[in-house]
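Student: The following block contains the structure, expressed as structure tokens.
The values are calculated or read from the model by the stated rules, or taken from the named source; none is laboratory data. The model shown is predicted, which means the values in this text are computed figures rather than measured ones. Cβ coordinates were reconstructed from backbone atoms using ideal geometry, including for glycine residues, and neighbour counts include every protein chain displayed. Ligands, DNA and RNA are stripped out before the accessible areas are found, and what is left, the full protein with its side chains, is counted by its heavy atoms. Shrake-Rupley method; radii C 1.70, N 1.55, O 1.52, S 1.80 Å.
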Amino acid sequence: MVRRWVLAWVSRLVLLLVLLCCALSVLYMLACTPKGGDERLGLPRANGPTGKEGYQAALQEWEEQHRDYVSSLKRQIAQLKEELQGRVEQPPPPPQRPDLLAFLRAQVDKAEVHTGVKLATEYAAVPFDSFTLQKVYQLETGLTRHPEEKPVRKDKRDELVEAVESAVEALNNPAESGPNRRPYTAQDFIEGIYRTERDKGTLYELTFRGDHKHEFRRLVLFRPFGPILKVKKEKLDMAHTLINVIVPLARRADKFRQFMQNFREMCIQQDGRIHLTVVYFGKEEMNEVKGILENTSRAANFRNFTFIQLNGEFSRGKGLDVGARFWKGSNVLLFFCDVDIYFTSEFLNTCRLNTQPGKKVFYPVLFSQYNPGIIYGHHDAIPPLEQQLVIKKETGFWRDFGFGMTCQYRSDFINIGGFDLDIKGWGGEDVHLYRKYLHSNLIVVRTPVRGLFHLWHEKRCVDELTPEQYKMCMQSKAMNEASHGQLGMLVFRHEIEAHLRKQKQKASSRKT
């Protein structure tokens, strides 16, 4: 940067010197010009006394003007010389910045690149995932991911590709590779391991084929995380943010009664900024459902509800779509909910905080309850519902394959096109809407939340479903029963009981 600045000032100085030389040349020519004048200089010829007097007057005026111009050029050149000399002798100081190199080295040391760190327990170690050019082998899989899978997310795919390309570039660096060494390509990559620690960065160890059999090249790369930066500071007032809870329903009056008990406590008594829309299909059990709704209205003095009755076959997508479009007030926050969902008043605020019209929609991952009859089968009695809603490995799982419960503003739902009303029955409509949001410019917030539960109920997969829907229904049914360990105890129950009988017999024989 300093070099470019010096060159610019030198160019200006040279230009002024050229102008000065031209002016001096003109003065020299003028001094050597005969008294007859010279048309090349724009001076008049002297033809007689009058012409001679006019010529001398014009010549004197011309000399005064150009002497002033030459003096001005000299002053500018002297000033430029002085400034240039001062700038060259005292270059500008480098900009002040933190010692980035020292920070990066400290991050590398924290990431256990050169030496290990003492850990308290076996659970404190951060495991690595391994990968090849085709697959990633991961430990934290969840229910929607597999132990071995091809990376689908673009950011993860690009991250690993960039790591391999950086390693290949380093291997082919002319300063490190000899003149006769073959060039490396991504096809020489054998496997790699990587792990991310959120306060340090991502560590990669990549292995390539060497130049000879049983010879390998190992590269260790590190992607450091920088210090935390404040991006935005907001003050959010949700005092007047109304949520329209939309519930599609057909029959299931007993489940609706349980839903309204939770709704009355969390929405009416604790939150108070709620509207309920029930979209009911058919007429079977309809009067009973309406009676439950009206009884709650009278008992809790609650009037913010809408009951919509539709004929025809139950369609979750159609029910939610009709409920969302039925609203005639100003733009409202919608919560698409099922009758077998339990939520807390804290979740309602989470719903408000993670949505923004024209910018964000919220897709919470709810905690799905296992079959209480299996979980508490060894107890004298099944505990009350509130005591069952505990987030543990033995009680349920994060329902990361479900996209049905969602918070979004009505304007965003309308602009995105709503649900695909050609989808009938169970499943599919929620994923279709979710994909439309992913293809839009809206931010999709997807995270597990602690105040949203899917209550266990026996699932029936009817024959009218399409093959794909039936498969999805059966998978969901299998996952909802119990954990792997609990199901294993049921499968091997007879072997366990036989083992216990043998132990008792051995104990009694030793006593005798």
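Student: Between the range 319-346 and the range 236-314, what's the alpha-carbon centroid distance in Å?
Tutor: 10
Student: As a test question: what accessible area, to the nearest 10 Å², does Thr466 have when a 1.4 Å probe is rolled over all protein chains in place?
Tutor: Its heavy atoms expose roughly 70 Å² to the probe.
Student: So which GluC sites (Glu not before Pro) in the range 164-239 are both in a DSSP loop and have at most 10 other Cβ atoms within 10 Å of their Cβ?
Tutor: Passing sites in the range 164-239 are Glu176, Glu215, Glu234.
Student: By the gyration tensor of its Cα atoms, with a ≥ b ≥ c the square roots of the eigenvalues, what is the shape of the range 182-337: rounded for a/c under 1.5, prolate for a/b over b/c, or oblate?
Tutor: prolate
Student: Take Ile292, Ile246 and sort them by solvent-accessible surface of the protein heavy atoms, 1.4 Å probe, largest at the top.
Tutor: The residues order as Ile292, Ile246, largest area first.
Student: Net charge around Arg252, counting only other residues with Cβ within less than 11 Å of its Cβ (Lys, Arg = +1; Asp, Glu = -1)?
Tutor: -3
Student: Please list Asp129, Asp211, Asp380 from largest to smallest accessible area, probe radius 1.4 Å, with all protein chains kept in place.
Tutor: Accessible-area ranking of Asp129, Asp211, Asp380, largest first: Asp380, Asp211, Asp129.
Student: So, taking all protein chains as they sit and a 1.4 Å probe, how much accessible area belongs to Ile391, in Å² rounded to tens?
Tutor: The accessible area comes out at roughly 70 Å².
Student: Considering only protein heavy atoms, with the full assembly of protein chains and a 1.4 angstrom probe, order Ser509, Ser315 by accessible area, largest first.
Tutor: Ser509, Ser315
Student: Which shape class, rounded, prolate or oblate, goes with the range 448-504 when its Cα gyration tensor gives a ≥ b ≥ c as root eigenvalues, a/c under 1.5 marks rounded, and past that a/b bigger than b/c marks prolate?
Tutor: Taking the square roots of the gyration eigenvalues as a ≥ b ≥ c, the range 448-504 is oblate.
Student: With every protein chain in place, what's the accessible area of Asp237 (1.4 Å probe, Å², nearest 10)?
Tutor: 120
Student: Let me ask something else about it. Quote to one decimal, in nm, the extra length available between His212 and Leu101 on full extension: 0.36 nm per residue of separation minus the C-alpha distance between them.
Tutor: 36.4 nm
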